[in-house]
Amino acid sequence: MENLIALEKKVCAENYAPLPVVLHSGAGVWLTDIHGKRYLDMMSAYSATSFGHSHPRLVAALTAQAQTLAVTSRAYYTDRLGPFLQRLCEMTGMARALPMNTGAEAVETALKAARKWAYQVKGVTPERAQIIVCAGNFAGRTTTIVGFSSEAQYRQGFGPFAPGFVSVPFGDAAALEAAITPDTAAFLVEPVQGEAGIIVPPDGYLAQCRAICSRHNVLLICDEVQTGLCRTGRLLACQHEGVQPDGLILGKALGGGLLPVSAFLARPDVMGVFRPGDHGSTFGGNPLACAVGHAALDLLEEENLAARAERMGALLLGRLRRLRYPAIREVRGKGLLIGMELDSTHISAREFCERLMYFGVLSKDTHGTVVRLAPPLVISEQEIDIAVAAVAAVLDEFDMAA
Ligand code: PLP
C-alpha cells in the first residue's frame with residue numbers, strides 16, 4: 001500500500017490530499033481496498049456515484065454502447081444524443097440542452113450563454129454584462145470560475161481573472177436585488193452550497209430569488225451539479241420551492257458514476273444565442289455518454305431515488321442529530337447531502353475522517369471543520385445504521401482520549 005501511495009505522490013501532481021487508503025474495487029455502496037478491507041462509501045465521489053458503484057444496469061448500457069459506437073464528435077448526428085437530451089429536457093422541464101463533460105465546463109457554458117443572451121436579447125451594452133454569484137460558491141476550477149470564488153486558496157497564484165462578476169452573501173435575497181443593475185445578465189446560485197460545507201439557505205430564499213430575477217429580467221441559473229438528480233430528495237433541489245430556473249447546470253451523477261457527463265439546460269431564447277462554432281467540446285454529447293446518461297435518468301425514476309433520498313436523508317439526519325457529543329456543533333443538510341460541523345477545538349474534520357476510515361467508513365472533510373455525509377442514494381437503512389455507529393465510535397474513542 002505504501003508503495004502505491006508513494007508512486008502516486010511521485011508521478012501525480014499533489015493537488016489533492018487523499019486519505020491513506022488505496023481502493024481497488026467497488027459495488028453498490030461498498031468500496032474495497034487492495035488488502036480486501038471493505039468500506040462503506042459515505043462520500044460517493046463528491047455526489048457523482050449516486051447509483052452506487054458499477055450499477056449493473058449502467059455497466060450494461062456502457063458496455064453495449066462501447067461495443068456499438070463510443071465517440072464520434074458533434075461533427076455528425078448520432079442516434080443517441082437527441083433521445084438522451086429529450087429525456088433530460090422532459091424530466092427537468094427545460095426546453096433545450098447543451099451537452100458537456102465536467103461540471104466546470106457546463107458552468108462555463110452557462111456563463112457564455114448568459115453573457116451572449118444579455119447582449120443579443122436583453123440589450124446590455126457590449127462588454128458590460130455582469131453575472132451575480134454568491135460568497136462561498138463552488139463551481140469548479142477553471143480560471144474564470146476560480147476568479148469569482150471567495151476562497152483565497154482557490155485564487156491564489158492563478159490570476160489575472162476575468163472581470164464581470166459581482167458577489168453577494170448566500171441566503172440574502174435583498175442583497176441580490178440590491179446588486180442588480182441594468183447590466184446584470186444572470187444570477188448563478190447553488191440551491192444548497194456543497195463545497196462550502198453543506199450550507200442550506202433560509203426557507204423561501206430560492207423562490208424569492210426567482211421573483212427578483214423575473215422582476216428585473218435577470219436569468220436565474222441554478223448550479224445543480226451537486227444538488228441535482230435526486231441528491232436532496234427532489235429531482236432538482238430548486239423543486240423544493242417550486243422554482244423553475246431559466247438555466248440549469250447538471251453533472252456528476254448524470255454520468256451514472258461511470259463517465260463525466262454534464263449539461264447546461266435553458267429556456268429557448270437563452271440557448272438560441274448559440275450558433276455553430278460559438279461553443280463546443282470534442283467529447284460532449286458522445287454516444288457512450290448519452291447511453292449511460294439516458295440509462296441513469298431512467299434509473300432515477302424506476303428506483304424512485306428522489307423519495308429514497310428524502311427518506312434515507314431524514315433518517316440519517318435524525319440519527320446524527322441524536323448523537324450528543326461536545327465535538328459536534330451542528331448537523332445540517334437536505335436529503336442525502338449532509339454535513340456534520342465539528343468544533344475544531346475538539347477534533348479537525350480531517351482527523352475525524354481518518355478515524356472514520358479505520359472503522360470502515362469513508363468520508364471527506366471540507367473546509368477544515370465539516371465532515372460530508374453524502375452516500376450513494378441506494379443506501380439502505382441498515383447501512384445508515386453502520387455509518388452512524390462508526391461516527392459514534394469515533395466520537396467515543398475521541399472523548400476517551402481527550
Ligand atoms: N458546480 C458545483 C455546485 C459543484 O459542486 C462542482 C464540483 O464539485 C462543480 C460545479 C464542478 O464540477 P466538476 O468537478 O465536474 O468540474
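Name the helices (runs of 4 or more DSSP H) wholly inside region 1-113 in which the number of residues that are surrounded by 13 or more Cβ atoms within 10 Å (Cβ to Cβ) and within 24 Å of the chain's Cα centre (by Cα) is 2 or more. Break it down stepwise before answering.
On the way: elements: 2-11, 44-47, 56-66, 81-92.
Filter on region 1-113 gives 44-47, 56-66, 81-92.
Of all the residues that make up region 136-161, how many are part of a loop (DSSP other than H, G, I, E, B), buried (at least 17 other Cβ atoms within 10 Å of the Cβ) and either more than 13 Å from the ligand (Cβ to nearest atom) or free of Cβ contacts under 8 Å to residues at least 24 places away in the same chain (or both)?
2
In region 175-206, what residues are hydroxyl-bearing (S, T, Y) and within 16 Å of N217 (Cα to Cα)? Show your work before the answer.
As a first pass, look at region 175-206 and keep what is hydroxyl-bearing (S, T, Y): 181, 184, 205.
Result: T181, T184.
Only strands (runs of 3 or more DSSP E) wholly contained in region 162-272 count here; list those with 2 or more residues that are within 15 Å of the ligand (Cβ to nearest atom).
184-189, 219-223, 247-250, 262-266
Yes or no, residue by residue, for (1) more than 16 Å from the ligand (Cβ to nearest atom); (2) in contact with a strand residue (DSSP E or B) (Cβ under 9 Å, 6 or more places away or on another chain); (3) touching a residue at least 60 places away in the same chain (Cβ under 8 Å):
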residue: L7; (1), (2), (3): yes, no, no
residue: A13; (1), (2), (3): no, no, no
residue: V22; (1), (2), (3): yes, yes, no
residue: D33; (1), (2), (3): yes, yes, no
residue: R38; (1), (2), (3): yes, yes, yes
residue: D41; (1), (2), (3): yes, yes, yes
residue: S73; (1), (2), (3): yes, no, yes
residue: Y77; (1), (2), (3): yes, no, no
residue: R80; (1), (2), (3): yes, no, yes
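Suppose we keep only residues that are acidic (D, E) and more than 14 Å from the chain's Cα centre (by Cα) within region 223-252. Which one would you say is farthest from G272 (Cα to Cα)? Give the derivation first.
Kept after step one, since they are acidic (D, E), are these residues of region 223-252: 223-224, 241, 246.
Within this subset, residues satisfying the condition of being more than 14 Å from the chain's Cα centre (by Cα) are 241, 246.
Values: E241: 27, D246: 13 Å.
The qualifying residue farthest from G272 (Cα to Cα) is E241.
Does C290 satisfy being in the same structural domain as V133 (by TED's automatic domain parsing), more than 21 Å from M43 (Cα to Cα) and either within 16 Å of the ligand (Cβ to nearest atom) or surrounded by 24 or more Cβ atoms within 10 Å (Cβ to Cβ) (or both)?
On the way: in the same structural domain as V133 (by TED's automatic domain parsing): yes; more than 21 Å from M43 (Cα to Cα): yes; either within 16 Å of the ligand (Cβ to nearest atom) or surrounded by 24 or more Cβ atoms within 10 Å (Cβ to Cβ) (or both): yes.
It is true that C290 is in the same structural domain as V133 (by TED's automatic domain parsing), more than 21 Å from M43 (Cα to Cα) and either within 16 Å of the ligand (Cβ to nearest atom) or surrounded by 24 or more Cβ atoms within 10 Å (Cβ to Cβ) (or both).
Go over the candidates V261, V292, V273 one by one and state the one that is aliphatic (A, V, I, L, M) and more than 30 Å from Y205 (Cα to Cα).
Of V261, V292, V273, the one residue that is aliphatic (A, V, I, L, M) and more than 30 Å from Y205 (Cα to Cα) is V292.
From L236, L315, L259, which residue is surrounded by 22 or more Cβ atoms within 10 Å (Cβ to Cβ) and either touching a residue at least 60 places away in the same chain (Cβ under 8 Å) or touching a Leu at 6+ places or on another chain (Cβ under 9 Å) (or both)?
Working: L315 fails: surrounded by 22 or more Cβ atoms within 10 Å (Cβ to Cβ); L259 fails: surrounded by 22 or more Cβ atoms within 10 Å (Cβ to Cβ).
That would be L236, the only listed residue that is surrounded by 22 or more Cβ atoms within 10 Å (Cβ to Cβ) and either touching a residue at least 60 places away in the same chain (Cβ under 8 Å) or touching a Leu at 6+ places or on another chain (Cβ under 9 Å) (or both).
What pairs come out if I take residues in region 110-124 that are in the same structural domain as L265 (by TED's automatic domain parsing) and in contact (Cβ under 8 Å) with a residue 60 or more places away in the chain and pair them with residues that are β-branched (V, I, T) and surrounded by fewer than 19 Cβ atoms within 10 Å (Cβ to Cβ) whose C-beta lies under 8 Å away, six or more apart or interchain?
Between residues of region 110-124 that are in the same structural domain as L265 (by TED's automatic domain parsing) and in contact (Cβ under 8 Å) with a residue 60 or more places away in the chain and residues that are β-branched (V, I, T) and surrounded by fewer than 19 Cβ atoms within 10 Å (Cβ to Cβ), the close pairs are L111/T144.
The values are calculated or read from the model by the stated rules, or taken from the named source; none is laboratory data. In this text, all values refer to a predicted model and were calculated from it rather than measured experimentally. Reconstructed Cβ throughout: ideal geometry from the backbone, glycine too, with neighbour counts over all protein chains shown.
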